[in-house]
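Notes for the one structure printed next.
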Amino acid sequence: MSTDPIVEQKNFIKGEMIHTIFENKQEHFSIAKIKVLETNQELSEKEIVVKGYFRRLDPGETYEFYGRMVEHKRFGRQFQVDSYQRFLPESKEGVIAYLSSDLFPGIGKKTAERIVTVLGEAALSKILNDQSVLEQVNGLPKDKQEKIYQILHENQGFEHIVIELSKYGFGLKMAQKMYSAYREKTLEYLIENPYLFVFEVEGFGFLRADQIARQNGITVDHPTRLQAACIFVLQNSIQDGNVYLPMDVLLGEMDQLLQGEENNIEAEKLTAEIVELNKKKEIIVTDKKAYLPSLYYSETGFCAQVKRIADKSQEKAFTDAELLKIVGDIEEKETISYGKEQYEAIETALSEKIMILTGGPGTGKTTVIKGIINAYAQIHDFSIDKADYDDSEEYPFILTAPTGRAAKRLKESTGIESMTIHRLLGWDGHETFDKDENNRITGKIIVIDEFSMVDIWLAYQLFRAIPSDMQVLIVGDEDQLPSVGPGQVLADLLASKVVKSIQLTEVYRQKEGSKIIQLAHEIKNGQVEKETLVKANDFNFFKCSDYQVVDIVKQIVKKAHDKGVDLRQIQVLAPMYRSKAGIHRLNEELQKVLNPSVPGRREMRFGEMVFRKGDKVIQLVNQPEDGVFNGDIGEVVAIFEKDENMEQEEQVVVAFEDREVPYAKTDLMNLMHAYCTSIHKSQGSEFAIVILPIIRGYNRMLRKNLIYTAITRAKQSLVICGDEDAFLKGVLTEDTNQRYSSLVEFLQELFGMEKKEELKEIESDDETATEKTADELLLQVKVGQEDFSPYDFMED
């Protein structure tokens, strides 16, 4: 493609790069000052600030920038860059300086001079046209020849691609992402199959791919488009918690996305491409259900691992009389008295290979967990104190939870070291775990708390790493929100009834006068009425209108803080980010009250946010290399300028529970203020004081399990403020969003096969038959990939 028309029609400034004012290396966003050499703009200044998304800008180099003039409120006139290109130096001195710059590591000035002496002032264009010309330079190693060509080609290639992409309406930021995915093949792939970018480049939508496809003559019923629509719909369904989509739902959503009726795309064509994807194993179709492969293998794999662990025989290591004595000793030592349900839970957990312990707040789940661990230790003569074990000895107790805060709570309640599931499995931050079926975790009994938060993918990764002889205790509250990721593993495990479960129903803390516990159980049982919302020692409901709620929240938080309550123990929870009383607005207002701008208090602006020393912040993504994970809450303890640290960069330092983590300015996108957080982010945590705004503006989000989850985060005090009717309507509204999962069906079928398999083995005459693994048993259930035709899905 020719690039000539670009220069003719666009506003441009040709200039020499002076220095960088600001750079976000992760996003490739820069603000720089240039010396103006030539322009078609009305510009009297000899220097101008340019800003945009650049792969690299080198001081002393000449560039041509295309874009528009903008006026910044504080910094005046700037040139917003849409695309750009570098001018290669053409003088002898310029080429030597360019080749000996840090753009070409390992190529010093002497080597650059030798290259120019041999190839002349046109050395760069000669190298770009034919790499072999570098062989004429004596003493230049082959690897350096290759490196020079690659760097030249990459830099010139990127800028050429940016210009070509601008013809399709792509800005520099999107061009950066596209180039990172496919490098020099970017334009070729964009023309041949723009739908590839939908799955590899964040923010590249299906409709944009459609637009590019039309420009390049790809028909509306082209197989490439139809197959991309199928995968796109399946990937999008994960956001709704689905593990698969029924064929009729998939076809309907594909038809809507593709505008099937308008474009005359018949259902048979859609189904034919689903068949093709199934043959290529890019999706898996079974029993008229369509899966992405990773989710299919996670769901079936989890079932197989549960069966493997359950199948390992567990001999009862105690008599009833022995357990009664052991539990009696624990009661005396801990000065507690276990109820009938709690004793049954302890006995069952010690007898079964896998058990699920459920119950609402105040029913004593934590007390039971501690009782199980203490009883297990006495029965098997193990010490609970890790200091009693040397490095060669296996510590028998493994405690884990999905989030750092949940793991911390588990440790505080049991006195035993606990860690996140990701840390336990040795997650590398991407898709790989150190622990798996070939390198399993060690120990005798594992306790997995807050299991309602675990999605099917993580559940599979965890269970494949659990050894067959380990006892498993799963703990959770099925009435809380399901996992953010796909599946509803705890609810499905309970529904399948293949694993023994004990539900604690007797409420102990309610006897101590806890209104929070009472309200939680009334919500759980659908018994909330207006009369319920009366003031109590640990509860209050402030009635106010939507427009008043932000001010009311500010007053409540400030009052608590002024009384000396630690900010870490005060938490505002809200269901939405963007609204007049959303999380972003509440954080902005609460920061003004709790940590305002004052002389001497350091701060750093990042986009629309201002981070100050003393701010309460939350981690938004998993960062295993620094030991911090999504949902961890910390405090900004220091802010440094460039010249104040060894890294020579602006930094914000955040103190979490057990570590301090420095954040370069470019990494601040991984943080946000945490004076108010989402209810989803609060799962697995508890706070002394919870303030919960409930307004009509939240109506589309208000559901029974959401409000229940928020209320059960409060330990000592719960304040709800807002609209009483909106609250009452919300607690009576069930979450009707059905999650498509086959876990119950797979588990029941797999566990129900045992007797059939025994009969088959008795009848078999094959003496060489070997014992089947759990995975092999699972494959005998009718859940494998199916061969089918489009007509299998057509109505009679």
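The values are calculated or read from the model by the stated rules, or taken from the named source; none is laboratory data. None of these values were measured; they are calculated from a predicted model. Positions of Cβ are generated from backbone atoms using ideal geometry, with glycine treated the same way; all protein chains shown enter the neighbour counts. The area values use the complete protein model at the heavy-atom level, side chains included, leaving out ligands, DNA and RNA. Shrake-Rupley method; radii C 1.70, N 1.55, O 1.52, S 1.80 Å.
If you wrap a convex hull around the alpha carbons of the stretch 307-504, what volume per residue comes out, as a whole number of Å³?
Residue-normalised Cα hull volume stands at 127 Å³.
Sorted from largest down, give the three principal axis spans of the alpha carbons of the stretch 224-370, whole angstrom values.
Reported extents, whole Å, longest axis first: 76, 34, 17.
Got a sec to turn the phi values of the stretch 34-51 into Karplus ³J(HN,Hα) couplings, 6.51 cos²θ - 1.76 cosθ + 1.60 with θ = phi - 60°, whole Hz, x for Gly and Pro?
So the J values, rounded to whole Hz, are 10, 8, 6, 9, 6, 7, 9, 9, 6, 9, 8, 5, 7, 10, 9, 8, 10, 9.
Accessible area per residue for the chain in Å², computed with a 1.4 Å probe and the full protein assembly in place, what is it?
Each residue of the chain exposes 48 Å² on average to a 1.4 Å probe.
Can you list the aspartates and glutamates whose alpha carbon is less than 18 Å from that of Lys386, not counting same-chain residues fewer than 8 positions off?
Glu394, Glu412, Glu417
Dividing the alpha-carbon radius of gyration of the stretch 186-299 by 2.2 N^0.38 Å (N being the number of residues), what value is obtained?
1.03
So what is log10(I(q)/I(0)) for the stretch 451-588 at q = 0.22 1/Å, when the Debye sum runs over its Cα atoms only?
-1.35
Give a residue-ordered list of calculated ³J(HN,Hα) values for the stretch 707-715 (Karplus: 6.51 cos²θ - 1.76 cosθ + 1.60, θ = phi - 60°; whole Hz; x for Gly, Pro).
Using θ = phi - 60°, the values come out as 5, 4, 4, 5, 5, 6, 7, 8, 9 Hz.
Over the Cα atoms, compute the radius of gyration (one decimal) and Dmax (the largest Cα-Cα distance, rounded to a whole number) for the stretch 12-165, in Å.
Both quantities, over Cα of the stretch 12-165: 16.9, 56 Å.
Distance from the Cα centre of the stretch 373-393 to that of the stretch 231-287, in angstrom?
Between the Cα centre of the stretch 373-393 and that of the stretch 231-287, the gap is 53 Å.
Out of the DSSP beta bridges found with both residues in the chain, what percent are antiparallel (nearest 5)?
Expressed as a percentage, antiparallel bridges in the chain total about 60.
So which of Lys177/Lys269; Lys435/Lys704; Lys558/Lys681; Lys51/Lys642 end up more than 31 Å apart, counting from Cα to Cα?
Listed pairs above 31 Å: Lys177/Lys269; Lys435/Lys704.
If each of Glu603 and Glu431 carries a label point 7 Å out from its Cα toward its Cβ, how far apart are those two points in nm?
Simple spin-label model gives 4.3 nm for this pair.
For each pair in Lys109/Lys185; Lys365/Lys500; Lys92/Lys142, compute the distance between the two Cα atoms and list the pairs where it is over 26 Å.
Lys109/Lys185
For the pairs Lys325/Lys370; Lys333/Lys715; Lys110/Lys144; Lys613/Lys715, note any where the Cα-Cα span goes beyond 18 Å.
Lys333/Lys715; Lys613/Lys715
Return the FRET efficiency for the residue pair Asn525, Ala97: r is the Cβ-Cβ distance, R0 is 56 Å, and the value is rounded to the nearest 0.05.
Working from the Cβ atoms, E equals 0.15.
Along the principal axes of its C-alpha atoms, what lengths does the stretch 652-753 span, in descending order and rounded to whole Å?
On the principal axes, the stretch 652-753 reaches 55, 43, 28 Å in Cα extent.
What is the calculated FRET efficiency for Ala638 to Lys340, with r their C-beta to C-beta distance and R₀ = 60 Å, to the nearest 0.05?
Efficiency at R0 = 60 Å is approximately 0.65.
Going 7 Å from the Cα of Arg440 toward and past its Cβ, which residues in the stretch 482-501 have a backbone nitrogen under 19 Å from where you end up?
In the stretch 482-501, the label zone of Arg440 (backbone N under 19 Å from the point 7 Å along Cα→Cβ) covers 499-500.
Under 20 Å Cα to Cα from Lys46, which lysines show up? Leave out anything in the same chain fewer than 8 places away.
Output for Lys46: Lys14, Lys33, Lys35.
Calculate for the chain the 222 nm mean residue ellipticity that helices alone would give, adding -39,500 (n - 2.57) per DSSP H run of length 4 or more and normalising by residue count, nearest 500 deg cm²/dmol.
-11500 deg cm²/dmol
Between the stretch 309-336 and the stretch 169-227, how far is it from one alpha carbon centroid to the other, in angstrom?
62
Please work out the FRET efficiency for the pair Asp329 and Ala536, using the Cβ-Cβ distance as r and a Förster radius of 51 Å; give the result to the nearest 0.05.
My answer for the efficiency is 0.85.
Can you list residues from other chains, or at least 5 along the same chain, whose modelled amide H is less than 5 Å from the amide H of Tyr663?
Val652, Val653, Val654
For Lys279, give me every one of the aspartates and glutamates with a C-alpha distance below 20 angstrom, ignoring sequence neighbours fewer than eight places off in its own chain.
Asp221, Asp248, Glu268, Asp287, Glu786, Asp787, Asp792
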